[in-house]
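In what follows, a single structure is set out as structure tokens and then discussed.
Derivation of every value follows stated rules applied to the coordinates shown; laboratory data play no part. Bear in mind that the values here come from a model prediction, so they are computed numbers and not experimental data. With ideal geometry, Cβ positions are generated from the backbone for all residues, glycine too; neighbour counts draw on all protein chains shown.
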Amino acid sequence: MILDSIGNLNAVYDKLSRFLASSKASIRIEAVTQENPESYAEFLPYLELIKSQGKVSVQFGEGKGILISGSSENLTTYIEAFKFGENEDGNHHHPEFSLINKNNFYMGNLWPFIEADNDYVTEHDFAN
């Protein structure tokens, strides 16, 4: 699960959108990991997108981060799940759903969902 506030998830979406429109081959976004992850076991340390070819692949990278690769077109569809409306607090998105029907997602990979939870982020006083 990728968990953050609506504002922070929308900022990640904007950053990933700018990356996909650029000539850069990859982007890595570090996560806040020094806080207590309760009620979860641990935090994911980073999210990394890599432009490649074909289907979207999601797997663990070095050090248990999330590594997402695929064509720019498929990654553009995938990252739409990071965009949340103002009234979506407490909701979650499944980024792979829009790619499965088009056979543009590797089925054997990780399937993290993205959840907006303003209260959790505020309660745990995470840095932006």
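So for the pair Trp111, His94, with labels modelled 7 Å out along Cα→Cβ, what separation do we get in nm?
Reported label-point gap for Trp111 and His94 is 0.6 nm.
What is the calculated FRET efficiency for Ala31 to Lys102, with r their C-beta to C-beta distance and R₀ = 30 Å, to the nearest 0.05?
Numbers: r = 29 Å, r/R0 = 0.97.
Here the calculated transfer efficiency is 0.55.
Scan around Phe105 for amide H atoms under 5 Å from its own, H built in the peptide plane at 1.01 Å from N, and keep only partners 5 or more places away or cross-chain.
Correct list: Val56.
Along region 5-22, what does the Karplus equation 6.51 cos²θ - 1.76 cosθ + 1.60 (θ = phi - 60°) give for ³J(HN,Hα), rounded to whole Hz, x for Gly and Pro?
6, 4, x, 5, 5, 5, 5, 5, 4, 4, 5, 5, 5, 4, 4, 5, 7, 8
What are the residues whose amide H is under 5 Å from the amide H of Leu3, where those residues sit 5 or more places off or on another chain and H is modelled from the backbone?
Amide H neighbours of Leu3, under 5 Å, 5+ apart: Glu115.
Percent antiparallel among DSSP beta bridges with both residues in region 31-72, to the nearest 5? Each step should come with its number before you reach the end.
Numbers: 4 of 9 bridges.
Antiparallel: roughly 45 percent of the beta bridges in region 31-72.
Of all DSSP beta bridges located in region 2-123, what percent are antiparallel, nearest 5?
Details: 11 of 20 bridges.
Once the DSSP bridges in region 2-123 are tallied, antiparallel ones form about 55 percent.
May I ask you to list the aspartates and glutamates whose Cα is less than 20 Å away from that of Lys51, ignoring any residue fewer than eight positions away on the same chain?
Those aspartates and glutamates meeting the cut-off are Asp14, Glu30, Glu62, Glu73, Glu80, Glu96.
List, in order, the whole-Hz ³J(HN,Hα) value for each residue of region 77-89 obtained from phi through the Karplus relation with A = 6.51, B = -1.76, C = 1.60 and θ = phi - 60°; use x for Gly and Pro.
Once rounded to whole Hz, the list reads 5, 4, 6, 4, 5, 7, 8, 10, x, 4, 9, 9, 4.
Counting other Cβ atoms within 10 Å of each Cβ, which trypsin sites (Lys or Arg not before Pro) in region 32-128 have at most 13 and sit in a DSSP loop? Please list the in-between numbers first.
Values: sites: Lys51, Lys55, Lys64, Lys83, Lys102; in loops: Lys55, Lys83, Lys102.
The qualifying sites are Lys102.
Can you list which of the chymotrypsin sites (Phe, Trp or Tyr not before Pro) found in region 30-98 are DSSP loop residues with at most 16 other C-beta atoms within 10 Å?
Details: sites: Tyr40, Phe43, Tyr46, Phe60, Tyr78, Phe82, Phe84, Phe97; in loops: Tyr40, Phe43, Phe84.
For chymotrypsin sites (Phe, Trp or Tyr not before Pro) across region 30-98 that sit outside H, G, I, E and B with at most 16 neighbouring Cβ atoms in 10 Å, the list reads Tyr40, Phe43.
For a quick check of your reading of the filter: which GluC sites (Glu not before Pro) in region 14-122 sit in a DSSP loop and have no more than 16 other Cβ atoms within 10 Å? Let's see the in-between values first.
Working: sites: Glu30, Glu35, Glu38, Glu42, Glu48, Glu62, Glu73, Glu80, Glu86, Glu88, Glu96, Glu115; in loops: Glu35, Glu38, Glu42, Glu86, Glu88, Glu96.
Hits after loop and neighbour filter: Glu35, Glu38, Glu42, Glu86, Glu88.
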